[in-house]
Amino acid sequence: MSNQEVEGEQELCCSPLMRQPLDEQQSTNLARVFKAIGDPARLRLLSLIASHAGGEACVCDLTGAFDLSGPTISHHLKVLREAGVIDGQRRGTWVYYRVRTEMLAVLSEVLLPADEVMPA
């Protein structure tokens, strides 16, 4: 994960949408993440990874669930990874993906009304 991604997450977690207006950088970072999960194939990939046994899935477990080519699946996984929603780890010839739950927590906290803030 790059320093820019970490800085983007820190900015997002500190300014929930319903409690104060987002600044330009926060809205740009947040829009990038929502755009990544806003695609039906990527949202489904995220769901498959999150619900897979052990919380991680091999790319070989994901490709059969779609009527998409391998390179297209790889592209969608790359978009999710670059947005900070998933992490990937190469093991031999396969890559295993895991959901970054801390990013999902940031997204859900941003959308909660001020009186429903989740405990830290």
Q: For region 34-44, just list the computed ³J(HN,Hα) in residue order, Karplus coefficients 6.51, -1.76 and 1.60, θ = phi - 60°, integers in Hz, with x standing in for Gly and Pro.
A: 5, 5, 4, 8, x, 7, x, 5, 5, 5, 5
Q. Quick one: length gained pulling residue 58 to residue 94 fully straight, 0.36 nm per residue minus the C-alpha distance?
A. 12.3 nm
Q.
5 Å is the cut-off here: which amide hydrogens, built 1.01 Å from N in the peptide plane, fall below it relative to residue 100, excluding neighbours closer than 5 in sequence?
A. 86, 87
Q | Accessible area expressed per residue, region 56-104, with surrounding protein chains retained (probe 1.4 Å, Å²) | A | 54
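The values are calculated or read from the model by the stated rules, or taken from the named source; none is laboratory data. Keep in mind it's a predicted model, so treat the numbers as computed, not measured. Remember, those area values only see protein heavy atoms, side chains included, never the ligands or the DNA or RNA. Shrake-Rupley method; radii C 1.70, N 1.55, O 1.52, S 1.80 Å.
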